[in-house]
Every structure is written in C-alpha cells, then in structure tokens.
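The values are calculated or read from the model by the stated rules, or taken from the named source; none is laboratory data. No experiment lies behind these values; they were computed from the predicted model shown. Cβ sites come from the backbone with ideal geometry, for glycine too, and all protein chains shown count toward neighbours. Note: areas computed on protein heavy atoms with side chains; ligands, DNA, RNA excluded. Shrake-Rupley method; radii C 1.70, N 1.55, O 1.52, S 1.80 Å.
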Amino acid sequence: MGGPRALLATLWALGAAGASALRIGAFNIQSFGDSKVSDPACGSVIAKILAGYDIALVQEVRDPDLSAVSALMQQINSVSKHKYGFVSSEPLGRDQYKEMYLFVYRKDAVAVMDTYHYSDPEDVFSREPFVVKFWAPRSAAGELVLVPLHAAPHDAVAEVDALYDVYLDVIDKWATDDILFLGDFNADCSYVRPQDWASIRLRSSEVFRWLIPDSADTTVGNSDCAYDRIVACGARLRRSLKPHSAAVHDFREEFGLDQAQALVISDHFPVEVTLKST
C-alpha cells in the first residue's frame, strides 16, 4: 500500500473530498476467470455492475495469476469516471479446487487500511474469510470492516455460525465491532432450513442485523432462495445504514437480459446496501 505515509496521505485526501453515500455490494460471479471476462457480452455487463458500487465483494474468483482480475479492472476503469482498485485473498480451499475473495473499490471514496486471513483454528470454513478494514470518511460509517464468506453449501449452517468467532476475532485484533458480513452464505432452502436458525449465533444474537430477508430471492435461475446475505453489527455502522437500501440487484431486468443471457453472467444476483453520508 506504499507505507504509512502514503496511506495517511490517501486518507487525508479522501477526507477532504466531500461527503457522499457509500454503496456496498456482494456478487457471486459464477466461476469468474479469463473466459468470462474475455466474453464481450459478459465482461462488459460485469464491469458495469461492479462500477455501480463503491466497494464490491466478488466471489468464486478462479484466477490465481490475477490475469482475469487485471482485465476486469481495465474494463471497470474504462466504463467509470472514477478510478477503481482491488485487494484479493490468496486462493482458498481444502483441495485442488480453489477460490479467491476479491474486493473492488473506488479509490476516491475508500482506502484499504489493513487485511488479514482468518486463521480458522477449527477448520470450519472451506474458504476462510479474508477480512478487510476500509476507511470511508465521506460516509457516516467512517472506518468499517468487511468479512466475506462463500459458504460450502452442505456446511452452510456451521460456517455461518462460525462467523460469530470471526466477529470476536476482529474485535480482539482491531478493537472494532463495526462489521459487515457479506457474501453467498447458501443461507436458505435445503442448506439452511428454518429449524437450523436457532443454532446459528450470528442469527440468534440481537447484536447482528440481517439486512437481506429470508423471503428474498438472490438466484437468477428457477430456484427461489435467499442464499446471498448482508449482516451488520456495531452501533456506529448500524446507525449509518440508509433505511430500506438493502436489496437484491436484478441485473437481468436492468440490462434487459433474458434468463439464458443472465445465467451466462452468474446464477446469483448481487446483494447490496447503502451507508449514509456524513
């Protein structure tokens, strides 16, 4: 990141740039890699979707050499009047199949303050969270932490519950509880059933506010499941949430796509929330 002085200069410039709301999204782009980003009909839509966010979490990134990410960033920066950067995890997974968490962010709205891979001492997560602390001085949140999760479907109950341990770890490491948990939790239908919620600490504790309801449909295909979620905690962060801004982003309708065209992009819609300006 260029060292402490460069970071401080960036933070000062962001703080001097004026107030604005902060739009945050999470998008599971099914099997994102070189073939998807190089398809003009697909890559251009993905770039336009991500350019609509100040911070966007991308999941199912299968791009260890970052060639697809580099091409994606060129596309985003070509369609946006703002400049975007990214920070990504290492490839994560227990076997040969690996995925990366990717955060794309608007450089004149936020700065990355710190990152770490959750150590996952009990090996609960198939893809342990890559935790990122952002500074967003133009939003009411200020400093906030984003914790991503793409849960393994058949382990979704255990993985979503274990986000509570990540919550405690972030507090211990960074002394803040202003946290957004976001991503494809597979938190509905056959993977997380109504009777499972009582055993999920992230759901049973009043500390956490679930922003995407169980009634939502975050899938592009014929299923009707609220797999993708955003969960907020921390007094300052919860106060900064723009009322009624949490939503499923139907890019199929936005770009006039039929279902087959939309499924080429992904089998998930993004989920999003907006934080108020200062």
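Here are the numbers for the structure shown:
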| item | result |
| --- | --- |
| Sole residue being outside any loop (DSSP other than H, G, I, E, B), open to solvent by 60 Å² or more (accessible area, probe 1.4 Å) and either in contact with a Ser or Thr (Cβ under 6 Å, 6 or more places away or on another chain) or among the hydroxyl-bearing types (Ser, Thr, Tyr) (or both), chosen from Ser119, Ser78 | Ser78 |
| Members of the range 73-106 found to be within 29 Å of Lys276 (Cα to Cα) and touching a residue at least 40 places away in the same chain (Cβ under 8 Å), listed by number | Val87, Ser88, Ser89, Tyr101, Leu102, Phe103, Val104, Tyr105, Arg106 |
| Residues of the range 220-246 that turn out to be among the charged types (D, E, K, R), in contact (Cβ under 8 Å) with a residue 40 or more places away in the chain and more than 16 Å from Leu146 (Cβ to Cβ), as a count | 2 |
| Filter result for the condition that a residue is among the β-branched types (Val, Ile, Thr), crowded, with 22+ Cβ neighbours inside 10 Å and either at pLDDT 95 or above or in a loop (DSSP other than H, G, I, E, B) (or both), over Val124, Val104, Val112 | Val104 |
| Enumeration of residues in the range 19-51 that are of a type in the set (Gly, Ala, Ser) and touching a residue at least 40 places away in the same chain (Cβ under 8 Å) | Ala19, Ser20, Ala21, Gly25, Ala26, Ala41 |
| Residues of the range 81-92 satisfying the condition of being touching a strand residue (DSSP E or B) at 6+ places or on another chain (Cβ under 8 Å) and either surrounded by fewer than 16 Cβ atoms within 10 Å (Cβ to Cβ) or not in a loop (DSSP other than H, G, I, E, B) (or both) | His82, Lys83, Tyr84, Gly85, Phe86, Val87, Ser88, Glu90, Pro91, Leu92 |
| Criterion violated by Ile200 - all others in (1) open to solvent by 20 Å² or more (accessible area, probe 1.4 Å); (2) over 30 Å from Ser35 (Cβ atoms); (3) modelled with pLDDT of 95 or more satisfied | (1) |
| The range 207-219 residues that are in contact (Cβ under 8 Å) with a residue 12 or more places away in the chain, paired with ones that are among the hydroxyl-bearing types (Ser, Thr, Tyr) and buried (at least 20 other Cβ atoms within 10 Å of the Cβ) (beta carbon under 6 Å, 6 or more apart) | Thr218/Tyr227 |
